[in-house]
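Notes follow once the structure below has been shown.
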Amino acid sequence: MERRPLIAGNWKMHLNVADSVSLAAAVAAGSRDLGDRDVMIAPAFTALAAVAEVLKGSSVFLAAQNVAWEREGAYTGEISPAMLMDVGASMAIIGHSERRHIFGEDNEMVNRRLLGALNSGLVPILCVGETLDEREEGETFKVLEQQVCEGLEGVPGDRLPSLVLAYEPVWAIGTGKTASREQAQEAHSFIRDVLADLYEKNLAGQVRILYGGSVKPENVDALMAEPDIDGALVGGAALKAESFDRIMHFS
Ligand code: 13P
């Protein structure tokens, strides 16, 4: 099953509008020669509209870093799928470990966000991943299975191929500690098996599963060589045009 690689930059809570616009312009220029892979960037909400302008005419996808489940209403501080699409976003990161661990989002809330995005036509990127304690206690697979199953509750099989998953071990995020290619491949292959059990093998084989956690120019080629690693969700190294450019051009 051929899956088109996706290299995604999560800018987190960094960059003002002007700096976001110049980084996005560099990403758009650098991605022009890439015909065999997709590129996505997720700026802060405040920069989405300006970045959308810069990306016009390029093939770079624009994503939000989170999304509400309702279309509108009394949800102070939230941004709806329709609002995101209105400013030009087509994808949304959902259930990032920082949302789960710093802001207390649980699988049920992640699932609501995911269904809201999917039903509005935004492509969700569902993030899953274990903490260091969970890994050391031998609970990695249990945690991943629960996050995938509860996160995807109510998603019909025919929608599965339009979803993206991201495996981001919490202990590898922003720490400089990358999962080894073997550890990442093992988790990705497990997640694909969970999808095959929940749906069917053919559908599971179409879902792109990204790896995130200290992806750098130095380790991207090895990670991308693994059969179940279909892309990268990049934090720190996505904030510099040069390093993200090298990551987009993984070989
Ligand atoms: P780092 O690449 O900085 O480790 O962040 C990964 C991440 O959380 C991407 O969503």
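The values are calculated or read from the model by the stated rules, or taken from the named source; none is laboratory data. Fair warning: this is a prediction, and the values are worked out from it, not measured in the lab. Here the Cβ positions follow ideal geometry from the backbone for every residue, glycine too, while neighbour counts run over all protein chains shown. These accessible areas exclude ligands, DNA and RNA; they are computed on the full protein's heavy atoms, side chains included. Shrake-Rupley method; radii C 1.70, N 1.55, O 1.52, S 1.80 Å.
The 3J(HN,Hα) values that the Karplus relation (6.51, -1.76, 1.60; θ = phi - 60°) gives for the stretch 123-139 are, in residue order, 7, x, 10, 8, 9, 9, x, 9, 7, 4, 4, 4, 5, 5, 8, x, 9 Hz. Gly and Pro appear as x. log₁₀ I(q)/I(0) of the stretch 124-205 at q = 0.13, 0.24, 0.27 Å⁻¹, via Debye over equal Cα point scatterers, no solvent, to two decimals? Scattering profile of the stretch 124-205, log10 relative to I(0): -0.40, -1.21, -1.43. In this structure, the amide hydrogen of Ala232, modeled 1.01 Å from its nitrogen in the peptide plane, lies closer than 5 angstrom to those of Leu6, Ile7, Ala8, Tyr211, counting only residues at least 5 positions away or on a different chain. Average 1/r across all pairs of distinct alpha carbons in the stretch 84-169, invert it, and you get the Kirkwood radius: 13.3 Å. Any idea what % of Cα-Cα pairs in the stretch 91-135 are farther than 14 Å? Across the stretch 91-135, Cα pairs with separations above 14 Å total 49 percent.
Taking a ≥ b ≥ c as the square roots of the eigenvalues of the Cα gyration tensor, an a/c ratio of 1.5 or more together with a/b larger than b/c marks the stretch 115-159 as prolate. 3J(HN,Hα) along the stretch 216-222: 9, x, 6, 10, 5, 4, 5 Hz, from the Karplus curve 6.51 cos²θ - 1.76 cosθ + 1.60 with θ = phi - 60°, whole Hz, x for Gly and Pro. Entry for the stretch 168-251 at q = 0.12, 0.26, 0.27 Å⁻¹: log10 I(q)/I(0) = -0.35, -1.22, -1.28, Debye formula applied to identical alpha-carbon scatterers, no solvent contribution.
In the structure shown, do any of Lys12/Lys201; Lys12/Lys56; Lys56/Lys142 have a Cα-Cα gap over 32 Å, and if so which?
The pairs that break the limit, which is 32 Å between Cα atoms, are Lys12/Lys201; Lys56/Lys142.
Let me know the shape class of the chain, please: from the alpha-carbon gyration tensor, a ≥ b ≥ c as square roots of the eigenvalues, rounded when a/c is under 1.5, otherwise prolate if a/b is greater than b/c, or oblate. Could the numbers behind the result be given before it?
Working: a/c = 1.43, a/b = 1.12, b/c = 1.27.
Verdict is rounded for the chain.
Taken over the stretch 1-118, the convex hull of the Cα atoms encloses 117 Å³ per residue.
Volume of the convex hull of the stretch 47-195 (Cα atoms only), normalised per residue: 135 Å³. Charges were assigned to the Cβ only: +1 to each Lys and Arg, -1 to each Asp and Glu. The resulting dipole of the chain about its Cα centre is roughly 760 debye. Residue-wise HN-Hα couplings along the stretch 61-71, as the Karplus relation 6.51 cos²θ - 1.76 cosθ + 1.60 with θ = phi - 60° gives them from phi, are 7, 10, 10, 9, 8, 6, 7, 7, 9, 8, 6 Hz; Gly and Pro carry x. On a per residue basis, the chain carries 44 Å² of accessible surface, using protein heavy atoms and a 1.4 Å probe. If you take the square roots of the eigenvalues of the alpha-carbon gyration tensor of the stretch 1-49 and sort them as a ≥ b ≥ c, do you get rounded (a/c under 1.5), prolate (a/b over b/c) or oblate? Oblate.
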